[in-house]
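Participant: Sharing a structure below in structure tokens format, with a few things to ask.
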Amino acid sequence: MTSDLINNLWVFVLAAFIGFEVIRRVSPLLHTPLMSLTNALDAIVVVAAIIICGRHKSTLSTVLGAVAVAASFSNMVGGFLITDRMLRMFKTTRTKKP
Amino acid sequence: MNPLTAQQLIDLAYIIAVALFILALKWLSSPASAKRGVLAGEIGAVLAVVATLCNYEIIDYKWIIVALVVGAVVGVPLGLVHMTAVPQRTALSHACGALAAAMIGIAEYYVRLPHVNKFEMVEISLEVIIGSLTFTGSLIAAGKLQEILPGRPITYKGQNFVSLSVLGAAVLLALWLIFHPEHARLFPVMVGVSLIFGVMLVTPIGGADMPTVISLLNAYAGLSAALLGFVLNNKALVVAGALDGSSGFILSVIMCKAMNRSFTNVMFGAFGQVQVSAGGQKEERTVRSASAEEAAAILGNANTVVIVPGYGMAVAQAQHKVRELYDTLIKRGVDVKFGIHPVAGRMPGHMNVLLAEADIPYDKLIDMDAINPEFPQTDVALVIGANDVTNPAAKTDQGSPIYGMPILEVDKARTVMAIKRSMSPGFAGIDNPLYYFDRTLMLFGDAKAFVGDIVRELAGGQ
């Protein structure tokens, strides 16, 4: 169990560093889409929710899992949708006029 | 080599998904590649979900499908909200993410009972506490942004002590559960106390601090997802949570720097209380005001104009009128740019999205550090619904509550025009000496109507 903890800590620390380096370079122009995109990516918890809901260990875990699936999947769908909509609005002076 | 097992294939799909997530964020570095980034993220997400649906542990798909449909039905409208509603939508999605993480943590605890070891219990309690407080905290933030709840800070005497005691109670319950995981009756109490703490965390924070709060809640939501990855030993969640968490953290730091305040000050400072003492000297000073006709004449004769938008522009929904003004001035050969303060609006990047929606090209949206050296060569700085972010007291008056906050130096422009409803001080309640300068003209009125009048005058004068 503890070796899992250490392994996960490795992954967490390295991923956090990648996150810092990548996100530091995101243009301040795009900070709102950044937030909605990371929200959509964070909705990957839906995979854990699907397993909890589907393996049906108890009624409680199925119900909680179903709520979690709905909540995170709405985030995933809504997050990608709005990020895409926002990014479509960003045009330069060159691309603006046909 | 043996062929891969189903579980290994699923893990492989997760690894690809996670790599795509990192690429998605990398491509967000510029608007040109950003759309590719969203596509990468979408492919990664679909891959992960499809792979998960193949997991052998799943014995019943009925509720999964129902929940996925519900999620899509809720998610699509949340993805189609108007751009002015993006801050509250973002707060809501932090709430959804945190809710999901908390629910899964709670379910895991009950599934594993009575065989929960100390390490697992540390992970579960930490995850559930952070998930729960982020859930209610984000709901309160969304309520304030949607103006269902009052946006001003709600404070009372001894508030910080009470709030911290509640958090302390949650931590004590968690500690007890770590050593006695079988005391299952205490678990819902810990969840409840954390939910209450989330409410107490955000209610004292005012609307002007929302960009920091939203970023901080983003970091918490990411952290709870990463912790969930620890609980379930799922590295895809650890990575996605770490990415989301670091994004939220970086944004919080940027927002705090842009207000020259610390995390602790935002969370426990109760900005609202400082103003009372600051409003001491209230001498009568004269301001110069101008009509739309005069403003139009000045703008029409300028060579360079910098427009500084603030939350007031969003409230008045003036961004489309501002675009008309931009078009009219550009047609006359005036060089028009926008100066964007990092905390203008209610969330990071808020002004950029509103102006992009109004079809203003993004290469004209200049952030604070790049635009400030240009103000001395600027003929007219037009301030629309921004106040504190242009307040020169932040540079000169050590007694001012916003002293030290970096500002857009509009006072260096040859002429400053500020559209404002009245002389009442801004959100933070701090008087703005900018309005009393000789070179400042006040344009009193509703931002949308006033900009519309200027556009009409400019068109008529041609």
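All of the numbers you see were taken from the coordinates with simple rules; none came from a lab. This is a predicted model, so every value here is computed, not measured. Virtual Cβ from ideal backbone geometry, glycine too; neighbours counted across all protein chains shown.
Participant: Please state the relative contact order of chain A as a whole percent: Cα pairs under 8 Å, 6+ residues apart?
Facilitator: 28
Participant: Tell me whether the range B:1-118 comes out rounded, prolate or oblate; compute the Cα gyration tensor, take square roots of the eigenvalues as a ≥ b ≥ c, and use a/c under 1.5 as the rounded threshold. Intermediate values should be presented prior to the final figure.
Facilitator: On the way: a/c = 1.92, a/b = 1.25, b/c = 1.54.
Because a/c hits 1.5 or more and a/b fails to exceed b/c, the range B:1-118 counts as oblate.
Participant: To continue, here is another question. At most 12 other Cβ atoms within 10 Å and a DSSP loop assignment: could you name the chymotrypsin sites (Phe, Trp or Tyr not before Pro) in the range B:1-87 that fit? List each step's numbers first, then the result.
Facilitator: Working: sites: B:Y14, B:F21, B:W27, B:Y56, B:Y61, B:W63; in loops: B:Y56, B:Y61.
Listed in order of number, the matching sites are B:Y56.
Participant: Relative contact order (percent) for the range B:323-462, with alpha-carbon contacts under 8 angstrom and 6 or more residues of separation? Show your work: numbers first, answer last.
Facilitator: On the way: 192 pairs, mean separation 31.0, N = 140.
After rounding, I find 22 percent.
Participant: What is the range B:67-147 by shape, rounded, prolate or oblate, if you read a ≥ b ≥ c off the alpha carbon gyration tensor as root eigenvalues and call it rounded for a/c under 1.5, prolate for a/b larger than b/c, and oblate otherwise?
Facilitator: Working: a/c = 4.39, a/b = 2.01, b/c = 2.19.
It comes out oblate by the Cα gyration axes.
Participant: Within 10 Å of each Cβ of A:58-65, how many other protein chain Cβ atoms are there on average?
Facilitator: On the way: counts 4, 0, 4, 8, 6, 4, 10, 9.
Partner-chain Cβ atoms within 10 Å, mean over residues of A:58-65: 6.
Participant: If you plug each phi of the range B:248-255 into the Karplus form 6.51 cos²θ - 1.76 cosθ + 1.60 with θ = phi - 60°, what whole-Hz ³J(HN,Hα) values come out, in order, with x for Gly and Pro?
Facilitator: With the stated coefficients, the range B:248-255 comes to x, 5, 4, 4, 4, 5, 4, 5 Hz.
Participant: Of all beta bridges DSSP finds with both residues in the protein assembly as shown, what is the antiparallel percent, to the nearest 5? Write out the running numbers ahead of the final one.
Facilitator: Working: 0 of 23 bridges.
Roughly 0 percent of the DSSP beta bridges within the protein assembly as shown come out antiparallel.
Participant: Cα convex hull of the range B:298-433: mean projected area in nm², to one decimal? Let's see the in-between values first.
Facilitator: Working: hull surface 30.7 nm².
Convex hull of Cα atoms, orientation-averaged projection: 7.7 nm².
Participant: Classify the range B:184-260: rounded, prolate or oblate, from the alpha-carbon gyration tensor (a ≥ b ≥ c, eigenvalue square roots; a/c under 1.5 rounded; otherwise prolate if a/b is larger than b/c)? Write out the running numbers ahead of the final one.
Facilitator: Details: a/c = 4.38, a/b = 1.22, b/c = 3.59.
The shape class here is oblate.
Participant: Tell me the net charge near B:F450. Cut-off is 11 Å between Cβ atoms, B:F450 excluded, with +1 for each Lys or Arg and -1 for each Asp or Glu.
Facilitator: Details: positive: B:K321, B:K420, B:R421, B:K448, B:R456; negative: B:D446, B:D453, B:E457.
Charge balance near B:F450 sits at +2.
Participant: Take the Cα coordinates of chain B, assign each an equal point scatterer, and use the Debye formula without solvent to give log10 I(q)/I(0) at q = 0.07, 0.12, 0.13 Å⁻¹.
Facilitator: Listed by q, the Debye log ratios stand at -0.44, -1.07, -1.19.
Participant: How many angstrom lie between the C-alpha centres of the range B:1-48 and the range B:53-97?
Facilitator: Taking the Cα centre of the range B:53-97 as reference, the centre of the range B:1-48 is 19 Å away.
Participant: Which aspartates and glutamates, if any, have their Cα less than 15 Å from the Cα of B:K118, not counting same-chain residues under 8 positions apart?
Facilitator: A:D4, B:E108, B:E127, B:E182
Participant: Report the longest stretch of chain B that contains none of the GluC sites (Glu not before Pro) sitting in a DSSP loop with at most 13 other Cβ atoms within 10 Å.
Facilitator: On the way: sites that count: B:E57, B:E147, B:E182, B:E283, B:E284.
By the stated rule (loop sites, at most 13 other Cβ atoms within 10 Å), B:285-462.
Participant: Can you pull out the trypsin sites (Lys or Arg not before Pro) in the range B:75-159 whose DSSP state is coil and whose Cβ has at most 11 other Cβ atoms within 10 Å?
Facilitator: Those satisfying the criteria are B:K157.
Participant: Follow-up question, since we're still on this one. Starting with the fewest neighbours, write out B:H115, A:H56, B:H94, B:H350 ranked by other beta-carbon atoms found within 10 Å of each beta-carbon.
Facilitator: Numbers: B:H115 8, A:H56 16, B:H94 33, B:H350 28.
Arranged by neighbour count, lowest to highest, B:H115, A:H56, B:H94, B:H350 become B:H115, A:H56, B:H350, B:H94.
Participant: Dipole of chain B (Lys/Arg Cβ +1, Asp/Glu Cβ -1, origin at the Cα centre): which of B:S224, B:T286, B:V353 lies farthest to the positive side?
Facilitator: Final value for the positive-end residue is B:T286.
Participant: Among B:G151, B:P31, B:S262, whose Cα projects farthest towards the positive end of the dipole of chain B, with charges put on the beta-carbon of Lys, Arg (+1) and Asp, Glu (-1)?
Facilitator: B:G151
Participant: Moving to a separate point now. In degrees from 0 to 90, rounded to the nearest 10, what is the angle of the helix B:319-331 Cα long axis to the longest principal axis of chain B?
Facilitator: Compared with the principal axis, the helix lies near 50 degrees.
Participant: Can you return the lysines within cross-link range of A:K91? Criterion is Cα-Cα under 19 Å, with same-chain partners fewer than 8 residues away left out.
Facilitator: B:K35, B:K321, B:K331, B:K337, B:K364
Participant: Still on this structure: Using the Cα centre of the range B:287-423 as the reference point, and only Cβ charges (+1 on K/R, -1 on D/E), how large is the resulting charge dipole? Debye, rounded to the nearest 20.
Facilitator: On the way: 13 positive and 16 negative charges, 55 e Å.
Dipole size: approximately 260 debye.
Participant: Next question, about the same structure. Under 8 Å for C-alpha pairs, at least 6 residues apart: give me the relative contact order for chain B, rounded to a whole percent. Please report the intermediate quantities before stating the final value.
Facilitator: Numbers: 750 pairs, mean separation 62.2, N = 462.
Answer for chain B is 13 percent.
Participant: Any idea what the alpha-carbon Rg over 2.2 N^0.38 Å comes to for chain A?
Facilitator: Values: Rg = 18.5 Å, N = 98, 2.2 N^0.38 = 12.6 Å.
That works out to 1.47 for chain A.
Participant: Using only helices, what value at 222 nm comes out for chain B when you add -39,500 (n - 2.57) per DSSP H run of length 4 or more and divide by the total residues, to the nearest 500 deg cm²/dmol?
Facilitator: Values: 18 runs with 272 residues, N = 462.
Mean residue ellipticity, 222 nm, calculated: -19500 deg cm²/dmol.
Participant: Which lysines have a Cα less than 16 Å from the Cα of B:K235, not counting those fewer than 8 places away in the same chain?
Facilitator: List returned: none.
Participant: Let me spell out the model: positive unit charges on the Cβ of Lys and Arg, negative unit charges on the Cβ of Asp and Glu, origin at the Cα centre of chain B. What dipole size does that give, in debye rounded to 20? Mind showing how you got there, number by number?
Facilitator: Numbers: 32 positive and 35 negative charges, 49 e Å.
The calculation lands at about 240 debye.
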